[in-house]
1. Take the range 6-48 and flag every residue that is surrounded by 13 or more Cβ atoms within 10 Å (Cβ to Cβ), β-branched (Val, Ile, Thr) and either assigned to a loop (DSSP other than H, G, I, E, B) or on the phi > 0 side of the Ramachandran plot (or both).
2. Residues of the range 49-63 being part of a loop (DSSP other than H, G, I, E, B) and out of contact with any Asp or Glu (no Cβ under 6 Å at 6 or more places or on another chain), which ones?
3. Can you find, within the range 29-59, the residue that is modelled with the lowest pLDDT among those that are under 26 Å from Glu10 (Cα atoms) and aliphatic (A, V, I, L, M)?
4. When both residues are 6+ apart or on different chains and their Cβ atoms are under 9 Å apart, which pairs have a first residue that lies in the range 14-25 and is of a type in the set (Ser, Thr, Tyr), and a second that is part of a strand (DSSP E or B) and surrounded by 11 or more Cβ atoms within 10 Å (Cβ to Cβ)?
5. Would it be correct to say that Ile69 is part of a strand (DSSP E or B), under 17 Å from the mean Cα position of the chain (by Cα) and β-branched (Val, Ile, Thr)?
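The values are calculated or read from the model by the stated rules, or taken from the named source; none is laboratory data. Here the structure is a predicted model, which is why all the values come from computation and not from measurement. As a convention, Cβ positions derive from the backbone with ideal geometry for all residues, glycine included, and neighbour counts pool all protein chains shown.
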Amino acid sequence: MSAETGTCVECGASMVPIRIVQQDRGCHSPLKYAAIDSTRSLVRGRYPLQGEISAELCTGCGRVILRAIPF
């Protein structure tokens, strides 16, 4: 695992960065997010993305913290 990034607010153990990926047809990509009120594009049928999701895992209790990283 990677270097510690802080301590867990629940149990006080170390937090380490993790990568959450989406697997689609054998490809892996970082998890991304869009605004809740966004609508799909008429041309490609995709939502306009606003950023990626960053995550940290507690080595003690397993708590996962998610953070939005805007593009």
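1. Matches in the range 6-48: Ile20 only.
2. Thr59, Gly60, Gly62 - these are the residues of the range 49-63 that are part of a loop (DSSP other than H, G, I, E, B) and out of contact with any Asp or Glu (no Cβ under 6 Å at 6 or more places or on another chain).
3. Here the residue is Leu31.
4. Ser14/Gly6; Ser14/Thr7; Ser14/Cys58
5. Yes.
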